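Peer 1: Starting off with a structure, shown below.
The values are calculated or read from the model by the stated rules, or taken from the named source; none is laboratory data. It should be emphasised that the depicted structure is a prediction, and the values quoted were computed from it without experimental measurement. Cβ placement follows ideal geometry from the backbone for every residue including glycine, while neighbour counts extend to all protein chains displayed. Side chains are part of the model used for accessible areas, which takes the heavy atoms of the whole protein and leaves out ligands, DNA and RNA. Shrake-Rupley method; radii C 1.70, N 1.55, O 1.52, S 1.80 Å.
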Amino acid sequence: MKKSIYIFQHSLPILFLLLTTGLLAQGTIAGSINDDDGEPLIGASVFIKDSSTGTTADFDGNYSFSAPAGDHVVIASFVGYGSKSFNVSVKDGETTVLDIVLGTDNLALDEVVVTGTFSGRSQKESPISMTFLSGAQLQKLASNSQADILRTVPGITAEGGGGEVASNVFVRGMPSGGQYQFTPLQVDGMPVLSTFGLNSSAHDVYFRNDIGIRNLEFVRGGASTLFGAGSVAGIINYSSVIGSSEEKNRVQLEWAQGGRAKMDFLTSGPINETTFYAISGFYRYDNGPLETGLPTKGYQLRGNIRKLFNNGKSSVTLYTQYIDDNVQFYLPYPLANDQGQKERPEGNDGETIYTLLTGAATDFSFDTPNGRFETPIGNGVTTKGGLVMIDLKHAFENDWRLSSKVKAAKYDHWFNLFLDGDGSHNTPEAQADYLADRGLPADASFTYVDNGTAMDSKDLLFENRVLDRERPMEEMVGEINLTKTIGNHNFTIGTFLSNTVAEDNNWIWNFVGDFSNSPRMVSIAYTDSLGNDVVYSPGGFIDGRQTSNKVLQSIKTAVYVADEFKGEKFNFDIGLRWEKASGILSAETGIGSNTFNKGNVSASDFAVALAGLYKMNENANLYANASKGYFFPELRGVKFSSPGSPQTYETEGILQGEVGIKYAKKKFSATGALFFVGLSDRRSVDFINDPNNPGNVIEEISVQSTRTLGVEANLNYIITKGISLYGNATFQDHEFTEVEGNPDQVGNELRRQPNFMGLVGISLERGAFDFDASSNFLGSKFANDANTVELEGFNIVRLDAGYTLDLGKKQSLRLGVSVFNLLDAAGVTEGSPRQGNTQIGGGEYFVGRPILPRRIFVRAAFDF
C-alpha cells in the first residue's frame, strides 16, 4: 500500500498540470460509416490522427464528434476492414459532413500501426513481418495466459502449460529456455522490463491483460533491434485504450470451471475539451485451472490521462499501473509412459493426476543462517507494485516531431513453485524402494499426516521439492527521439536509457507425500539402533536450506538513427543502433558467510537494419529486410573465475534476413515470408539438478551457435458477408552449428521448437450473433538439445460464441461462452528442464508438462 500511495502522491502534480485547460475554437465532424454493401459498421472508429479526439459509430452507423478548428487528418477503421484517412477542414461553429465507406481487410493490412516504425504507417506499407490483433480479438483469445494469444501468431511457438504467468515464447527457431528472452513484452511502447536475465522470472509476472487493451502489434525480424529496449527476434507491444471525446464504459463478468470468478472494467471519456481519461482493471478469484487446494486472487488497476495542446497536434499522457496478484505455477510432473504414449497418470486413489501441487505443504518452516524461514509457497507467484510513465509528443512548426517517454517501476515479487521431483529419483516410488534408496530401516512406518492412518502398503510415494524465490525489482527507463520530415524522408535520431536492479534470493526444501492429485503429506518414522524413536519427515517435511543470495544491476545506454523513405512505388528503411550494457554483480559465496563475490562487466555492440518495399500494384507489395544485431548475455549466467574477477562478457551476434509479400483484394488477403536467422556464441543458461549435490538446482551455461531457415504464411478469405476463413502456417528447419563442449550435438534440432505449426479457423458475425472456432496445431519436437526425447505434436481447439442484446442509447449486453482446449487434448509441451540432456524417453514414467485441460468460460459484458 505504501508503494501505491507513493506512486499516486508523486502523480498529483502531474495530474494537476494535465487538468489545466484552455479553450479552443471548435467545430463538428459528422457522417456515416458503411461497408461496400451499404450496411452500417456498428462500433467503427473515427478519430483525428495523433490525437484522442474521435468517436465510434452507433447502431445506425452514424457518428458525430467535436473537433478543434483547423485542418486535420481523420482516420476511420473497423476490425476486418481496411482503414482509410481523409483530409478534413473544420471551421469554428460549423459541421463538416464526412460519409465513409470501408472495404474488407481481415488481416488488418491497412491498419495503422506504431510498433516497428518511427512514424505511424499501415502494415501493408511496412517492409517487415507484423501481426495485428484488435481488442475484441484479444478478449476472445484470452483464457489462461499470454501463450493463448501469442500461439495464434505465425512463427511463434508459445507454451502456456504453467498457468497464467511465465509463458514460454520461441520465435523463428532462436535458441531459448523460453519466457521472453528474444521478444520483450511492451505496454504502450515501453518495455515491461528492459533487461532479461537478472533472474529467471518472465516479464509477464509484472503485467496482466485486461479489457483496457486496445490492440496488440507483434513485429518480427531484425528491424526490431532498433526500437526501445532492442530485440533481436521481435517486439510484443500492447496499446492501451486512450480516452476520447466520447464517454465509454464496459463491465465484464466471467465465470469458469474450477471456481473462477473475475470482473473486468473499463471507463474512458473526456474531462474537458482537451483532457481525456481511461481507467481499467480487474479483480479475480480462482481455484483452478487445476485443483490444488491453493486458491489465488488478486487485482490490477491501470489508467491514463492525456492532455492535448498545440491545437491538438501535441500531447502529454500520464500512465499508471498498480498490481497485487498471485497465481499458481505448474511445472512438469511424472506422466504415465506406455510405450512412448505419455498420459496423465492414475494416483493411489484411482483418480487421474493433473498436478502435484498441494495445499497440504504450505505451513513449513526451517532454520537458515539468516533466521527462521517460513515458506510462502501457498501464495504461488506473487507480484505487488506498480509504475508511473509519462509520454510526451510534440509537433514543432518546422516538421520536427519530439517523442519522449520516461518510466519508473517498483515491484515486490516472489516466484514460488513446486519442482518436478527430489532431484535424484523424480518419479513415484514403492515404499520399500524409498527406504532402501535412502538407507532407512526396512520396518519404518508410513502415516498420513492429515488423519494419522497408515498408508496402504501398495500406495506409492513421491518426494518433491519446493523452490521459494524472492525477487524484488525496480527500474528507471527513458527514451527520447526527434523526427524530421524532409520531402519523402522521415529522419529520426534518439536515445534509450535504463537502470534496473533485481535481487534473487532462493530457498529450497523437500517434502514427501503420496502419489495422487494434490498429494497428502506422509510422516515416515522408525526406531534407530539405539532404541530412539525417529521421525524422518515430521508433518511430511524432510529438510530445507537457503541456496543463493545475489543482487544484479543492469545499466543500458543506446543511441540510434534511422531514415524511413516513402515513395510512389518504393519504401526504404535504414537504421543504425549502438548500445552499451554494464552489469554490477554481487553474490554471497556462502549463505550467512558475509563474504561476497562482487564485480563489474560491460559490453557494447552495434546493429544495422535495411529494409525495402516495392508496390507492385494497389493489391500487392513485395518486401525484403536484412539485419545484423546483438544480444547481451544474461547477467545471472556470469560466473567468477576468481574472487572479484568475473568471466568475460561479450555480445552474442545475430544475422537475419527476410523476403515476403503482402496481398489484399476484397475478399482475400494474405502475407508470406521466407526467413533466415543465424545466431553465434549464444550463452544459454538453464536450471538443472545439481549432480554433485542432489536436491539442489544449479545454473548450467552452454555456448551455442544456431541456424534457422523457414517460411511462414497468413491468410484470410471471406466466404460471404459475415463469414470468413483464416489461418497461418510456419515451417522452420533449425539446427545447432556449434556447441562448445558438446560437438555431438552439432546438427541436432533446437529443443521445444517444432518444424511445423499452423492455425485454421472460421469466424462468423451475423447481426447480434458472433462465433469463432479455431484449431492450433504444433508438430513434434525434441525435449532437450541432445534430442534424446521426442514429444508428439498436438492440437488445441478453441471456441467462442456470443449474442449481443441492444439495450438502446448505445448500450448493449453481450452474453458469451468460450472453451479452451475443446477436445481436452493432453499433448506434452516440454520435458523436465531440470533433467536437461540427461532425460530419456523410456521408463514407466516420463517427467513432462501437458497442456492445460479443457476449461469453459461464461462471460457477460455490459457496454454503456
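Peer 1: Add -39500 (n - 2.57) for each DSSP H run of 4 or more in the chain, then divide by its residues: what number comes out at 222 nm, to the nearest 500 deg cm²/dmol?
Peer 2: Counting only the DSSP helices, I get -1000 deg cm²/dmol.
Peer 1: For segment 622-672, build the charge dipole from Cβ charges (+1 Lys, Arg; -1 Asp, Glu) around the Cα centre, then report which of Ser645, Asn625, Gly672 sits farthest towards its positive end.
Peer 2: The one lying farthest along the dipole's positive direction is Gly672.
Peer 1: Now a separate question. What list of ³J(HN,Hα) values in whole Hz, one per residue of segment 563-573 in order, does the Karplus curve 6.51 cos²θ - 1.76 cosθ + 1.60 (θ = phi - 60°) give from phi, with Gly and Pro shown as x?
Peer 2: Those phi angles translate into 9, 10, 9, 10, x, 5, 10, 10, 10, 9, 10 Hz.
Peer 1: Beta carbons within 10 angstrom, averaged per residue: use that to sort the peptides 809-817, 848-856, highest first.
Peer 2: Those peptides, ordered most packed to least, come out 848-856, 809-817.
Peer 1: Related question: Would you please put 460-472, 521-533 in order of how densely packed they are, using the mean number of other Cβ atoms within 10 angstrom per residue and starting with the highest?
Peer 2: Ranking the peptides 460-472, 521-533 by packing returns 460-472, 521-533.
Peer 1: Here's a follow-up. Can you list residues from other chains, or at least 5 along the same chain, whose modelled amide H is less than 5 Å from the amide H of Gly848?
Peer 2: Those lying under 5 Å, H to H, from Gly848 are Tyr333, Leu335.
Peer 1: Compute the distance in nm between two label points, each set 7 Å from the Cα along the Cα-to-Cβ direction, one at Leu440 and one at Val711.
Peer 2: Result: 5.9 nm between the two label points.
Peer 1: Here's a follow-up. On full extension of the chain, what length is gained from Ile486 through Leu576, given 0.36 nm per residue of separation minus the C-alpha to C-alpha distance?
Peer 2: 30.5 nm
Peer 1: For segment 484-593, what is the convex hull volume of the alpha-carbon atoms per residue, in Å³?
Peer 2: Taking only Cα atoms, segment 484-593 has a hull volume of 226 Å³ per residue.
Peer 1: Let me ask something else. Given that just one value was derived from the coordinates, which of [x] 348; [y] 157; [z] 196 is volume of the Cα convex hull per residue in Å³?
Peer 2: Structure-derived value, by its label: [y].
Peer 1: Right, another one. State the percentage of accessible surface on segment 237-284 attributable to carbon and sulfur atoms; use a 1.4 Å probe and exclude ligands, DNA and RNA.
Peer 2: So the carbon and sulfur contribution to the accessible surface is 62 percent.
Peer 1: Using Cα atoms only, what is the angle between the long axis of helix 2-19 and the major principal axis of the chain, expressed in degrees (0 to 90) to the nearest 10?
Peer 2: Computed tilt is about 0 degrees.
Peer 1: Show me the three semi-axes of the equivalent ellipsoid for segment 276-345, from the C-alpha gyration tensor (sqrt of 5 times each eigenvalue), largest first, rounded to whole Å.
Peer 2: Here the semi-axes work out to 46, 16, 8 Å.
Peer 1: Going by average Cβ neighbours within 10 Å, how do the peptides 427-434, 88-95 rank, with the highest at the top?
Peer 2: Per-residue Cβ counts within 10 Å, averaged per peptide and sorted highest first, yield 427-434, 88-95.
Peer 1: Tell me the Kirkwood radius of segment 678-744: reciprocal of the mean inverse pair distance over distinct alpha-carbon atoms, in Å.
Peer 2: For segment 678-744, inverting the mean 1/r across all distinct Cα pairs yields 15.9 Å.
Peer 1: For Val165, what charge total do you get from the other residues with a beta carbon under 10 Å from its beta carbon, if Lys and Arg give +1 and Asp and Glu give -1?
Peer 2: -2
Peer 1: For a label point 7 Å from the Cα of Glu351 along Cα→C-beta, name the residues of segment 426-454 whose backbone N is under 12 Å from it.
Peer 2: Backbone N within reach: none found.
Peer 1: Can you list the aspartates and glutamates whose alpha carbon sits under 13 Å from that of Lys91, skipping same-chain ones fewer than 8 residues off?
Peer 2: Leaving aside aspartates and glutamates fewer than 8 places away in the same chain, those within reach of Lys91 are Asp71.
Peer 1: Can you list residues whose amide H is under 5 Å from Gly793's amide H, if they're 5+ apart or on another chain and H is modeled 1.01 Å from N?
Peer 2: For Gly793, the qualifying residues are Ser780.
Peer 1: Multiply the residue separation of Leu497 and Ser586 by 0.36 nm, subtract the distance between their alpha-carbon atoms, and state the gained length in nm to one decimal.
Peer 2: Length gained between Leu497 and Ser586: 29.8 nm.
Peer 1: Express the carbon and sulfur contribution to the solvent-accessible surface of segment 462-592 as a percent, rounded to the nearest whole number, probe 1.4 angstrom.
Peer 2: Of all accessible area on segment 462-592, carbon and sulfur atoms account for 60 percent.
Peer 1: Related question: Along the Cα-to-C-beta direction of Val559, a point sits 7 Å from the Cα; which residues of segment 463-500 have their amide N less than 12 Å from that point?
Peer 2: Inside the label zone: 493-496.
Peer 1: Next question. Work through the residues other than Gly758 whose Cβ is under 13 Å from its Cβ and net out their charges, Lys, Arg +1 and Asp, Glu -1.
Peer 2: 0
Peer 1: Give me the percent of accessible area attributable to carbon and sulfur for segment 695-793, probe 1.4 angstrom.
Peer 2: For segment 695-793, the apolar C and S fraction of the accessible surface comes to 57 percent.
Peer 1: OK, next. Using a probe radius of 1.4 Å on heavy atoms only, what accessible surface per residue do you get for the chain? Whole Å² is fine.
Peer 2: That works out to 38 Å² for each residue.
Peer 1: Now a separate question. Residue farthest toward the positive end of the dipole of the chain, with Cβ of Lys/Arg at +1 and Asp/Glu at -1: which of Phe132, Ala69, Ser582?
Peer 2: It is Ala69.
Peer 1: Okay, next question. Using a cut-off of 18 Å between alpha-carbon atoms, which lysines can reach Lys140, once sequence neighbours fewer than 8 places away in the same chain are excluded?
Peer 2: Partners found: Lys262.
Peer 1: What lysines sit close enough to Lys628 to cross-link, taking a C-alpha to C-alpha distance under 21 Å and skipping anything fewer than 8 places away on the same chain?
Peer 2: Leaving aside lysines fewer than 8 places away in the same chain, those within reach of Lys628 are Lys556, Lys580.
Peer 1: Given charges of +1 on the Cβ of Lys and Arg and -1 on the Cβ of Asp and Glu, with all other atoms neutral, how large is the dipole of segment 763-864 about its Cα centre, in debye to the nearest 20?
Peer 2: 400
Peer 1: What relative contact order, as a whole-number percentage, does the chain give when Cα pairs under 8 Å and 6 or more residues apart are counted?
Peer 2: 10
Peer 1: While we're here: What is the gain in length, in nm to one decimal, between Glu790 and Trp400 on full extension, counting 0.36 nm per residue of separation less the C-alpha to C-alpha distance?
Peer 2: So the extension gain works out to 134.9 nm.
Peer 1: Within the set Lys84/Lys666; Lys297/Lys342; Lys248/Lys307; Lys384/Lys407; Lys313/Lys569, which residue pairs have Cα atoms separated by over 24 Å?
Peer 2: Distance filter (> 24 Å) returns Lys297/Lys342; Lys313/Lys569.
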